[in-house]
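Note sheet for the following structure.
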Amino acid sequence: QRLPPKNVYYYRCPDHKKNYVMSFAFCFDREEDIYQFAYCYPYTYTRFQHYLDSLQKRNMDYFFREQLGQSV
């Protein structure tokens, strides 16, 4: 589940030599549940294209790729 943007704070913290800090507010519903949090780095378009290229080279029957358009 993605946290709403209003609950995520990314700011320069004076306590950490003005480095950026990410904080978030979350309310735990039940004490007996297990919660896990993950932060993902951006997945670049170039990296995605390399991954698709590697799939295309495998010549799998269920994988099909075609160009739908171009940008300026």
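The values are calculated or read from the model by the stated rules, or taken from the named source; none is laboratory data. What you see is a predicted model, and the numbers here were worked out from it, not measured in a lab. Cβ: placed from backbone, ideal geometry, glycine included. Neighbour counts: every protein chain shown. Heads up: the accessible areas ignore ligands, DNA and RNA and are worked out on the full protein's heavy atoms, side chains in. Shrake-Rupley method; radii C 1.70, N 1.55, O 1.52, S 1.80 Å.
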_Backbone N under 14 Å from the residue 12 label point (7 Å along Cα→Cβ), restricted to the stretch 37-58_ = none
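Considering only protein heavy atoms and a probe of 1.4 Å, how much of the accessible area of the chain is carbon and sulfur, as a whole percent? Show your work: numbers first, answer last.
On the way: 4130 of 7840 Å².
Answer for the chain is 53 percent, counting heavy atoms of protein chains only.
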_Counting just the Cα atoms, what span does the chain cover along each of its three principal axes? Round to the nearest Å and put the largest first._
51, 38, 20
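With only Lys, Arg, Asp and Glu charged, each at its Cβ (+1 for the first two, -1 for the last two), find how big the charge dipole of the stretch 5-58 is about the Cα centre; round to the nearest 20 debye. Before the final figure, lay out the partial values.
Values: 8 positive and 6 negative charges, 105 e Å.
The calculation lands at about 500 debye.
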*Accessible area per residue, 1.4 Å probe, Å², for the stretch 5-58: what's the number?*
103 Å²
